[in-house]
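The block underneath contains the structure these notes are about, expressed in structure tokens.
The values are calculated or read from the model by the stated rules, or taken from the named source; none is laboratory data. All figures in this text were calculated on a predicted structure; none of them were measured in a lab. A quick note on method: Cβ atoms are made from the backbone with ideal geometry, for glycine too, and the neighbour counts reach across all protein chains shown. In case anyone asks, the SASA skips ligands and DNA or RNA and just uses the protein heavy atoms, side chains included. Shrake-Rupley method; radii C 1.70, N 1.55, O 1.52, S 1.80 Å.
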Amino acid sequence: MKTTAYYNGKVYTMREEGETVSAFVCRDGKFVYCGSDEQAKSMADECVDLEGAAVLPGFIDTHMHLYYYAENLSKLMVDHVTSMQELKDFIRKYAKSVPEGEWIYGFGFDNEFFSDTHEMPTRRDLDEACSDHPVLLARSCMHFFSANSLALQMAGIDRNFKPEVEGTVRFDADGEPNGVVSDAAGARIVALIPDKLASLEAKKNALEQAIRNLNALGLTGIHAIEGKHLNLLEYPDAYQGLAADGRLTARIYLGLNDLPNCRFTTGLGDDMVKYGFYKLFIDGNLGGRTSALLEAYSDDASAFGSTNYTQEELTERVRDAYQRNIQIGIHVIGDRAADMFVKAIETVYAEDPKPDARFRLIHLSLVNEDLIARIKKLPVMVDIQPMFIHTDLPFLEDRLGQDRCKYSNAWGRLLKEGIRMTGSSDGPGAPYDPLEGIWAAVCRTNLSGEPAGGWHPEHKISVYEAACLYTKNAAYASFEEGVKGTIEEGKLADFVVLDEDIFAIDPMTIKDVNVVKTVLGGKTVYEK
Ligand SMILES: [Zn+2]
């Protein structure tokens with residue numbers, strides 16, 4: 001491999017705030033020098049003029065459902081529709097191009113942002129658009145779905161249907177299912193739709209395309225949260241297959257929903273594909289009032305959300321993984337869910353305090369003083385999704401009330417308390433762009449800039465702190481801070497070149513910055 005010098009840049013090493021160099025040299029996939037233009041050029045076979053551009057370490061997203069995203073590429077995207085009417089028109093028109101009787105499986109609408117109604121589309125809405133194909137549309141959050149009458153009928157969901165999990169099928173006043181289903185009931189319909197990615201080769205092709213799309217956003221690392229869909233061992237197979245073909249263009253750290261039935265431990269694999277952690281799900285989401293709260297929802301005094309485990313079951317699962325040296329990450333949105341996970345960690349960590357334990361609280365959308373004090377004492381980090389500010393603003397204050405909102409997505413506070421955080425998207429449920437994530441963590445508004453000055457501005461963090469979320473903190477989350485996450489000699493040569501310097505511009509415009517080049521292990525994987 002050639003030795004390449006990149007010079008005349010503003011290279012943010014991210015080793016510490018404000019540290020820059022103008023040049024670096026890549027050889028055999030690693031940075032072998034960082035410093036001056038002269039020295040860099042003298043070491044290299046070829047030189048690339050950065051023309052003053054800002055360079056950062058490659059971005060790492062610590063929570064993304066990558067396989068779902070890949071799969072979504074084969075679905076009908078409905079993420080652009082801005083009203084119920086537009087959604088109906090779009091489906092009606094699209095249905096004309098679909099062979100008779102075939103499924104229409106769409107993804108990505110968000111009724112919270114509709115201009116004519118905020119209601120979920122019902123069976124009647126979809127029947128109006130199309131009644132001769134079974135239609136299923138997944139909401140952007142991937143928890144809620146809308147089905148037309150034909151789809152419901154094919155899934156055997158009728159007025160006598162008893163869902164396995166209560167509340168996952170909504171019924172009209174007349175007792176008929178209204179077409180809105182969630183989670184397990186949604187999965188029941190999804191299971192009927194022919195899988196376009198049945199073969200390993202089809203999976204690999206879809207993943208390759210998905211990762212290529214993400215490279216264009218500057219991503220060189222993804223903590224891929226995968227579950228249930230495939231057999232546990234099919235995920236490493238697909239990613240390692242791509243790596244072996246030279247087609248894998250981001251480093252993958254796998255978070256799987258099941259414990260392996262063999263002696264895998266965290267870190268098994270190589271720089272490209274690693275077995276990472278055991279991902280558990282305690283509660284649901286705030287939008288659907290299914291995340292577990294200590295006190296009732298402010299807009300429904302009877303709702304506290306629910307948990308998938310009792311405390312004993314949860315602690316046992318955490319203990320099992322911990323004893324097997326498998327990292328644990330848990331989806332916790334509500335404060336009651338967080339309390340349960342923290343309790344589980346307190347228990348198992350006290351039994352056997354391992355020197356390099358790194359537990360991961362995923363989301364942690366709501367905390368309180370007690371939780372903050374306890375989390376500080378534990379080897380815990382928090383995987384946050386800054387763009388949740390954009391997606392959740394329409395309902396956060398309704399669900400939580402003013403007082404609790406002070407503790408919602410309380411990133412500034414967590415940081416001040418010395419709690420380490422990483423950045424992620426939770427795509428495809430939310431936007432993937434790490435630069436939008438950095439912007440959202442810094443500005444705390446929705447994409448239209450509301451509320452002016454930011455939502456609970458005391459929890460804003462600095463541009464440097466936000467950039468850390470997606471670089472060195474993310475590397476720490478996978479125990480790889482020694483090999484990536486900063487631009488320095490000896491580390492993997494993963495970096496991005498931007499068209500603007502995010503540290504020098506108005507923070508509100510960071511979301512509009514573009515990646516012009518993404519380099520993975522010294523090889524360009526995206527160029528504008
Ligand atoms: Zn998720």
Checklist entry - Once you have the alpha carbon radius of gyration of the chain, what is it after dividing by 2.2 N^0.38 Å, with N set to its residue count? => result 0.98
Item to check | In nm, spacing of pseudo-spin labels at GLU346 and GLN240 (7 Å Cα→C-beta vector) | outcome: 4.0
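Using the Kirkwood radius over C-alpha pairs as Rh, can you work out the diffusion coefficient of the range 303-452 via Stokes-Einstein at 4 °C, viscosity 1.567 mPa s, in µm² per second?
Here the translational diffusion coefficient equals 80 µm²/s.
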Checklist entry - Under a plain spin-label model, where a point goes 7 Å from the Cα along Cα-to-Cβ, how far apart in nm are ALA504 and ALA303? => result 4.8
Item to check | Over the range 363-479, volume per residue of the alpha carbon convex hull, in Å³ | outcome: 98
Next on the checklist: Full-extension gain between TYR464 and GLN153, please, as 0.36 nm times their residue separation minus the C-alpha to C-alpha distance.
Outcome noted: 106.7 nm
Checklist entry - Using the per-residue mean of other Cβ atoms lying within 10 Å as a proxy for protection, in what order, highest first, do the peptides 469-477, 166-174 fall? => result 469-477, 166-174
Checklist entry - By how many degrees, 0 to 90 and rounded to 10, does the Cα axis of helix 311-323 deviate from the longest principal axis of the chain? => result 30
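Nothing charged except the Cβ atoms of Lys and Arg (+1) and of Asp and Glu (-1): what's the magnitude of the dipole of the chain about its Cα centre? Round to the nearest 20 debye.
Working: 55 positive and 81 negative charges, 204 e Å.
That gives the chain a dipole magnitude of about 980 debye.
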Next on the checklist: Could you give each residue of the range 511-528 its phi-based ³J(HN,Hα) in whole Hz, using Karplus coefficients 6.51, -1.76, 1.60 with θ = phi - 60°, and x for Gly or Pro?
Outcome noted: 5, 9, 6, 10, 7, 9, 7, 10, 10, 10, x, x, 9, 6, 10, 8, 9, 5
Checklist entry - Which percentage, to the nearest 5, of the DSSP beta bridges contained in the chain is antiparallel? => result 45
Checklist entry - Gain in length, SER131 to MET1, computed as 0.36 nm per residue apart minus the alpha-carbon separation, to one decimal in nm? => result 41.0 nm
Checklist outcome for this item: Among HIS118, ALA467, HIS143, the residue whose Cα sits farthest towards the positive end of the charge dipole of the chain (+1 at Cβ of Lys and Arg, -1 at Cβ of Asp and Glu, taken about the Cα centre) is ALA467
Next on the checklist: Across the range 1-114, what fraction of all alpha-carbon pairs, as a whole percent, falls in each successive 10 Å bin from zero upward?
Outcome noted: 12, 26, 15, 14, 18, 14, 1
Checklist outcome for this item: Percent antiparallel among DSSP beta bridges confined to the range 97-200, rounded to 5, stands at 60
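Give me the percent relative contact order of the chain, please, defined on Cα pairs under 8 angstrom at least 6 residues apart.
17 percent.
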Checklist entry - Between the range 360-435 and the range 134-204, what is the C-alpha centre distance in whole Å? => result 30
Checklist entry - Which value in nm describes the separation of the simple spin-label points at ASN325 and ASN261, placed 7 Å from the Cα toward the beta carbon? => result 2.4
Checklist entry - Between ILE225, GLY423, VAL81, whose Cα lies farthest towards the positive end of the dipole of the chain when Lys and Arg beta carbons carry +1 and Asp and Glu beta carbons carry -1, centred on the Cα centre? => result ILE225
Checklist entry - For GLU112 and THR82 in one chain, what is 0.36 nm times their gap in residues minus the Cα-Cα distance, to one decimal in nm? => result 9.8 nm
Item to check | Residues GLU164 and GLN39, FRET efficiency given R0 of 56 Å [Cβ-Cβ distance, rounded to 0.05] | outcome: 0.30
Item to check | the chain - percent of accessible surface contributed by carbon and sulfur, probe 1.4 Å | outcome: 48
Item to check | Considering only the range 282-461, percent of DSSP beta bridges that pair antiparallel, nearest 5 | outcome: 15
Next on the checklist: A 22 angstrom limit on the alpha carbon distance is what I want to check against. Which of LYS491/LYS517; LYS10/LYS30; LYS30/LYS204; LYS10/LYS511; LYS274/LYS517 exceed it?
Outcome noted: LYS30/LYS204; LYS274/LYS517
Checklist outcome for this item: By the mean-Cβ-within-10 Å protection proxy, highest first, 68-78, 366-376, 293-303 rank as 68-78, 366-376, 293-303
Checklist outcome for this item: With +1 on the Cβ of every Lys and Arg and -1 on the Cβ of every Asp and Glu, the dipole magnitude of the range 282-461 about its Cα centre, in debye rounded to the nearest 20, is 560
Next on the checklist: Charges on Cβ only, +1 for Lys and Arg, -1 for Asp and Glu, centred on the Cα centroid of the chain; of ILE91, ASN285, THR509, which one is farthest towards the dipole's positive end?
Outcome noted: ASN285
Item to check | Mean accessible surface per residue for the range 423-489, computed with a 1.4 Å probe while every protein chain stays in place, in Å² | outcome: 28
Checklist entry - Between the range 313-341 and the range 244-300, how many Å separate their Cα centres? => result 11
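Normalised by the empirical 2.2 N^0.38 Å for globular proteins, what value does the Cα Rg of the range 44-84 take?
2.10
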Checklist outcome for this item: Under Stokes-Einstein, the range 32-175 at 20 °C and 1.002 mPa s, with its Kirkwood radius over C-alpha pairs, diffuses with a coefficient in µm²/s of 114
